[in-house]
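Undergrad: Questions regarding the structure given below will be posed in turn.
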Amino acid sequence: MRRRLACFLFLIFIALNATAVMAQSGGELRFCLHSEPKTFNPLLMADDASETIRYMTGGVLMRLNRLTQQLEPELATSWKISNGGTTISFKLREGLVFSDGTPFTAEDVAYTVQQLMDPNLHSPTGDAFRSGEGKVQIAVSSKNRVSATFPAPIAGLDKLFDQVAIMSAKSPQKEMAVLGPFYVAENKAGSYLLLKHNPNYWKHDARGRQLPYLDSVRLDIQQNRDLEMLRLKRGEIDFVNAIDAEYFDQLMSEKASMAYDAGVSLDSEFMWFNQVPTSPITAYKKTWFTSTNFRRAISEAINRQDLARIAFRGHARPAAGPISPANQFWFNAKLQAHPFDQKSALERLSQDGFRLQNGVLRDRDGHAVEFSIVTNSGNKYRERMATMMQQDLSGIGIKLNIVTLDFPSLIERITRTFDYEACLLGLVNNDLDPDSQMNVWLSSGDSHQWNPNQKTPATAWEAEIDKLMRAQASNLDSRKRKEYFDKVQEIAWQQEPFIYLVSKDALAAVSPALKNVHPVVLRPQVYWNIDQMSLSSEVAKNRQ
Amino acid sequence: MRWARAVAIVFLVVLSGACLLADFLAPASYAHQFRDEPSAAPSRQHLLGTDDLGRDRFSRVLYGTRVSLLLAPAAALLASLLAAFVGASAGLAGGWVERCIMAATDLFLSLPWLFLLITVRALLPLNLSPIASVMITFALLGCLGWAAAARVICADMQTLCRSDFVLLARASGSSGFRLLWRHMVPNLKPVLYAQFWISIPVFILTEANLGILGLGVAEPLPSWGSLLRELESFSTGSGHAWQFVPLVLLIAVVSSFHLVLTKEELTA
């Protein structure tokens, strides 16, 4: 027993020493942004590049741990939601200062929330907090206690603060004074950004050493993905956050240690039929598209396994609904992706009077079943999927015409003119909470793509979804909310207004020189623990 | 360089013959996906392997060549005829008419072709068959590609109008359509001929550019543009020698079209 204990203590000693060696690395981490950040104001950020800067520089009251998907205290040591979900009270960490030395107090939180909710600022981050008419009430009760009362209950209120970087109310540097692990030291427009270690960052590791371990982060603006991969292979950059299946397979064959598959992501690829009553498509096609049997038949006639295996080279999984298994809490495990079954598809179609004649499917009135599917040009995965669906649907006598359009033309058709029949697109999901999908599922929503902006729900099942989505949004009990949203997922699975096809995997490429890397499916996949990442001593030394 | 011209002509004739006989030569349909063999290497069943979706690459190259090689000359013919009409009218009329037409031609030349093509294509009906869409794409290319040739023809027409033999013809009582048809058009032929041959590779390359952007010929119909998209993944190191066949063909055909012209025609 003693020997075992000695061994155990020895292993702990080795592990601590290893961490210490790793922690001494310093050096400069390098990776690429695909565009320039549009703003440094953390409340106005809406593009990927700006969000990257916010994640690495902004201090937040609480942070969603991307690995465990649980909220963890950061600047707030504790918080409490009260008054039926309208009020959130924070107890703040004491003795913290911004990167420029300005002290952090409850006034800063009050200032940030006020700015966030200022209708004149039009903060994209603030949109999620606007649950009802009226002003937010902020009460600062002491230097480290503050509460905010919103006009109406907000489901998942605490999780929304993961996106709110606290700004200083008093610092002369305004939004450039930060509480995160790095601050923006240099910005060469169109070329690169240099972030430097925040000397006032409050976090320390288990051995008491101040984080982050890295001295700086250099973000090169690089639009070309091929060049980005080449630079990674040459050792000029340290990781690529999201890579294509082709790049992943290539890395696996050349340098398997650099390829990371974090598993199925939150993103999904899906198609839908245009069900807008006023759309300029022929009446008989509108009848097809509004039929549940027709949509279910199309869904069953598509071989999702093949889509995942061929179009995505095996780095995707058939999708059953809007929530992928990556979303551990909200995923409805009861639902399975519709299996490929052309016989069942034809049976469903026959219930609506469709019949197969000489290899051509005809409706009750003898119209040959033919429709077009629009998708954005240049996306090889969607083009591949559409081509595969074309062959699958020809198996039940349906002619599918593929139309690839430039993105502005596509958006014009699906949001303004509604001059399209079916559309194939994908959803990039950043948020775990279904509240972020309210605009998609409410029949009055403008992202309710198959028939947006309805005055009253067009169908009974849409009315039911409206009721369930509103119920989940106004309930604070997460179990109850899950029950409601599970039902929404079941209705969506049954009715298939969106025909979910596949959820692709989160793939990343990481240099072996980078330590303490645990890529996850949630954004930012690779650098979610940037303050704990370090470089091998050799690379760190070269980049001092 | 006669031998080079001969080789180019033979190559173009053989290739045109092969693509016309694609229905007999192709071992499989260009659209059929052999889903158990995606990205397969060349074999007896698939002479040039298969593409990402398991389609026989040899069959797709044959049909893609048919699309590009037959429709590009058609577009070139349309563009040359339009150029002849516009250029000759301007050259014949002279004065302010010529200035107006040439100003319009210059304006047309300054239009960004690619964006114009993308815009026009976005306005097309959605339920067009791939064949109809490819015909329209090449017709658009033909309708948009006349301007540069029109300037050359206008200048040539003006030279002809001032030439001694036209003066002699006028003095002999020849005028109007007879003067144009009997004396001027035969002298414009070499220029028109050269413009036609020069336009073919231009249209082939324009279609290839559209195809690479994903805005070319609709799936599943192949064209050189869509076939060249496979090489996008070459940068990832997954490119194989057999994937270069469409590129080699494109270069060979474009070069052959240039070699077909004689020195005199090129300088015309």
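Undergrad: Return the residues of the range A:192-207 that are touching a strand residue (DSSP E or B) at 6+ places or on another chain (Cβ under 6 Å) and either in contact (Cβ under 8 Å) with a residue 24 or more places away in the chain or charged (D, E, K, R) (or both); say none if nothing qualifies.
TA: Restricting attention to the range A:192-207, the residues satisfying the condition of being touching a strand residue (DSSP E or B) at 6+ places or on another chain (Cβ under 6 Å) are A:192-196, A:198, A:200, A:204.
Listed by number, the residues that qualify are A:Tyr192, A:Leu193, A:Leu194, A:Leu195, A:Lys196, A:Asn198, A:Asn200.
Undergrad: Taking A:Gly180, is it in contact (Cβ under 8 Å) with a residue 60 or more places away in the chain, part of a loop (DSSP other than H, G, I, E, B) and at positive phi? Walk me through how you get there before you give the answer.
TA: Values: in contact (Cβ under 8 Å) with a residue 60 or more places away in the chain: yes; part of a loop (DSSP other than H, G, I, E, B): yes; at positive phi: no.
No, not satisfied.
Undergrad: Applying the selection to the range A:407-438, what residues are of a type in the set (S, T, N, Q) and in contact with a helix residue (DSSP H, G or I) (Cβ under 9 Å, 6 or more places away or on another chain)?
TA: Once the filter is applied, which keeps residues that are of a type in the set (S, T, N, Q) and in contact with a helix residue (DSSP H, G or I) (Cβ under 9 Å, 6 or more places away or on another chain), the range A:407-438 yields A:Ser409, A:Asn429, A:Asn430, A:Ser436, A:Gln437.
Undergrad: For A:Leu219, are the conditions met, namely being hydrophobic (A, V, I, L, M, F, W, C) and either crowded, with 17+ Cβ neighbours inside 10 Å or within 26 Å of the chain's Cα centre (by Cα) (or both)? Before the answer, list the steps.
TA: On the way: hydrophobic (A, V, I, L, M, F, W, C): yes; either crowded, with 17+ Cβ neighbours inside 10 Å or within 26 Å of the chain's Cα centre (by Cα) (or both): yes.
So A:Leu219 passes the test.
Undergrad: So, one more: For the range B:82-129, how many residues are assigned to a helix (DSSP H, G or I) and within 13 Å of another protein chain (Cβ to nearest Cβ)? I'd like the intermediate steps shown before the answer.
TA: Keep residues of the range B:82-129 that are assigned to a helix (DSSP H, G or I), which gives B:82-93, B:95-110, B:113-123.
Pick out the ones that are also within 13 Å of another protein chain (Cβ to nearest Cβ) and you get B:114-123.
The qualifying residues number 10.
Undergrad: It is to be established whether one or more residues within the range A:329-344 are within 14 Å of chain B (Cβ to nearest Cβ) and at pLDDT 95 or above.
TA: First, the residues of the range A:329-344 that are within 14 Å of chain B (Cβ to nearest Cβ): A:340.
Pick out the ones that are also at pLDDT 95 or above and you get A:340.
Yes.
Undergrad: Which residue pairs have Cβ atoms under 8 Å apart, sit 6 or more places apart or on different chains, and have a first residue in the range A:137-148 that is buried (at least 18 other Cβ atoms within 10 Å of the Cβ) and a second that is among the acidic types (Asp, Glu)?
TA: A:Asn144/A:Glu94
Undergrad: Looking only at residues in the range A:485-544 that are touching a Gly at 6+ places or on another chain (Cβ under 8 Å) and of a type in the set (A, V, I, L, M, F, W, C), which one is nearest to A:Arg382 (Cα to Cα)?
TA: For the range A:485-544, the residue satisfying everything is A:Ala506.
Undergrad: Do we find that B:Leu12 is more than 13 Å from chain A (Cβ to nearest Cβ) and either surrounded by fewer than 16 Cβ atoms within 10 Å (Cβ to Cβ) or not β-branched (Val, Ile, Thr) (or both) in this structure?
TA: yes
Undergrad: Would it be correct to say that A:Leu29 is touching a strand residue (DSSP E or B) at 6+ places or on another chain (Cβ under 7 Å), not in a helix (DSSP H, G or I) and not assigned by TED's automatic domain parsing to the domain that holds A:Phe161? Can you show your working first?
TA: Working: touching a strand residue (DSSP E or B) at 6+ places or on another chain (Cβ under 7 Å): yes; not in a helix (DSSP H, G or I): yes; not assigned by TED's automatic domain parsing to the domain that holds A:Phe161: yes.
Yes: the conditions hold for A:Leu29.
Undergrad: Go through the residues of the range B:137-154 one by one and say whether even a single one is under 24 Å from B:Asp51 (Cβ atoms) and away from chain A (no Cβ under 14 Å). Steps first, please.
TA: As a first pass, look at the range B:137-154 and keep what is under 24 Å from B:Asp51 (Cβ atoms): B:137-138.
Those still in the list that are away from chain A (no Cβ under 14 Å) too: B:138.
Yes.
Undergrad: How about the range A:271-294: which of its residues are under 27 Å from the mean Cα position of the chain (by Cα) and either of a type in the set (Lys, Arg) or within 12 Å of another protein chain (Cβ to nearest Cβ) (or both)?
TA: If the condition is that a residue be under 27 Å from the mean Cα position of the chain (by Cα) and either of a type in the set (Lys, Arg) or within 12 Å of another protein chain (Cβ to nearest Cβ) (or both), then A:Asn274 is the only one that fits.
Undergrad: Taking the range B:192-215, which residues are within 14 Å of chain A (Cβ to nearest Cβ) and either aromatic (Phe, Trp, Tyr) or under 13 Å from B:Ala75 (Cβ atoms) (or both)? Spell out the reasoning first.
TA: First pass over the range B:192-215, keeping only residues within 14 Å of chain A (Cβ to nearest Cβ): B:209-215.
B:Leu210 - this is the single residue of the range B:192-215 that is within 14 Å of chain A (Cβ to nearest Cβ) and either aromatic (Phe, Trp, Tyr) or under 13 Å from B:Ala75 (Cβ atoms) (or both).
Undergrad: A:Ile373 passes all but one of (1) under 33 Å from the mean Cα position of the chain (by Cα); (2) surrounded by fewer than 22 Cβ atoms within 10 Å (Cβ to Cβ); (3) at pLDDT 95 or above; which number fails?
TA: (2)
Undergrad: Of the conditions (1) in contact (Cβ under 8 Å) with a residue 24 or more places away in the chain; (2) of a type in the set (Phe, Trp, Tyr); (3) away from chain A (no Cβ under 14 Å), B:Tyr30 satisfies every one except a single condition; which number is it?
TA: The one condition B:Tyr30 does not meet is (3).
Undergrad: What tally of residues in the range B:106-143 results from selecting those that are among the hydroxyl-bearing types (Ser, Thr, Tyr) and modelled with pLDDT of 85 or more? Before the answer, list the steps.
TA: Filtering the range B:106-143 down to residues among the hydroxyl-bearing types (Ser, Thr, Tyr) leaves B:110, B:119, B:129, B:133, B:137.
Now restrict to residues that are modelled with pLDDT of 85 or more: B:110.
Summing the residues that are among the hydroxyl-bearing types (Ser, Thr, Tyr) and modelled with pLDDT of 85 or more in the range B:106-143 gives 1.
Undergrad: Look through the range A:347-370, keep the residues that are of a type in the set (A, V, I, L, M) and surrounded by fewer than 17 Cβ atoms within 10 Å (Cβ to Cβ), and return whichever of them is nearest to the other protein chains (Cβ to nearest Cβ). Give the derivation first.
TA: Going residue by residue through the range A:347-370, those that are of a type in the set (A, V, I, L, M) are A:349, A:356, A:360-361, A:368-369.
Remaining after also requiring surrounded by fewer than 17 Cβ atoms within 10 Å (Cβ to Cβ): A:356, A:360, A:368.
Values: A:Leu356: 20, A:Val360: 14, A:Ala368: 11 Å.
So, considering only residues that are of a type in the set (A, V, I, L, M) and surrounded by fewer than 17 Cβ atoms within 10 Å (Cβ to Cβ), the one nearest to the other protein chains (Cβ to nearest Cβ) is A:Ala368.
Undergrad: Would you please name the residue that is nearest to A:Thr287 (Cα to Cα), looking only at residues in the range A:371-385 that are more than 7 Å from every other protein chain (Cβ to nearest Cβ) and either among the hydrophobic types (A, V, I, L, M, F, W, C) or touching a residue at least 60 places away in the same chain (Cβ under 8 Å) (or both)?
TA: Ranking the candidates gives A:Phe371 first.
Undergrad: Can you say whether A:Pro199 is outside any strand (DSSP E or B) and in contact with a Pro (Cβ under 9 Å, 6 or more places away or on another chain), as far as the supplied structure shows? Even if it seems obvious, please write down each step before you answer.
TA: Numbers: outside any strand (DSSP E or B): yes; in contact with a Pro (Cβ under 9 Å, 6 or more places away or on another chain): no.
For A:Pro199, the condition - outside any strand (DSSP E or B) and in contact with a Pro (Cβ under 9 Å, 6 or more places away or on another chain) - is not met.
Undergrad: Tell me, please, whether a residue that is within 14 Å of chain A (Cβ to nearest Cβ), outside any helix (DSSP H, G or I), among the small types (Gly, Ala, Ser) and surrounded by 15 or more Cβ atoms within 10 Å (Cβ to Cβ) can be found in the range B:49-66. Give the derivation first.
TA: Let us first name the residues in the range B:49-66 that are within 14 Å of chain A (Cβ to nearest Cβ), namely B:50-56, B:60.
Checking which are outside any helix (DSSP H, G or I) leaves us with B:50-56.
Next, only the ones that are among the small types (Gly, Ala, Ser) stay: B:54.
Now restrict to residues that are surrounded by 15 or more Cβ atoms within 10 Å (Cβ to Cβ): B:54.
Checking the range B:49-66: at least one residue is within 14 Å of chain A (Cβ to nearest Cβ), outside any helix (DSSP H, G or I), among the small types (Gly, Ala, Ser) and surrounded by 15 or more Cβ atoms within 10 Å (Cβ to Cβ).
Undergrad: Here's a follow-up. Any idea which residue in the range A:228-246 is nearest to the other protein chains (Cβ to nearest Cβ), counting only those that are assigned to a helix (DSSP H, G or I) and either β-branched (Val, Ile, Thr) or over 18 Å from A:Val520 (Cα atoms) (or both)?
TA: Initial filter on the range A:228-246 (assigned to a helix (DSSP H, G or I)): A:228-234, A:245-246.
Cutting the leftovers down to either β-branched (Val, Ile, Thr) or over 18 Å from A:Val520 (Cα atoms) (or both) gives us A:228-234, A:246.
Values: A:Glu228: 11, A:Met229: 7, A:Leu230: 8, A:Arg231: 12, A:Leu232: 12, A:Lys233: 9, A:Arg234: 14, A:Glu246: 5 Å.
It comes out as A:Glu246.
Undergrad: Could you name every one of the helices (runs of 4 or more DSSP H) located completely within the range A:405-499 that has at least 1 residues being within 14 Å of another protein chain (Cβ to nearest Cβ) and within 22 Å of the chain's Cα centre (by Cα)? Steps first, please.
TA: Values: elements: A:407-412, A:438-441, A:460-474, A:478-495.
Output list reads A:407-412.
Undergrad: Could you pull out the residue among A:Asp220, A:Asp261, A:Asp249 that is assigned to a helix (DSSP H, G or I) and either of a type in the set (Phe, Trp, Tyr) or outside the structural domain of A:Trp450 (by TED's automatic domain parsing) (or both)?
TA: Numbers: A:Asp220 fails: assigned to a helix (DSSP H, G or I); A:Asp261 fails: assigned to a helix (DSSP H, G or I).
Just a single option satisfies the conditions, and that option is A:Asp249.
The values are calculated or read from the model by the stated rules, or taken from the named source; none is laboratory data. Source: prediction; values computed, not measured. Positions of Cβ are generated from backbone atoms using ideal geometry, with glycine treated the same way; all protein chains shown enter the neighbour counts.
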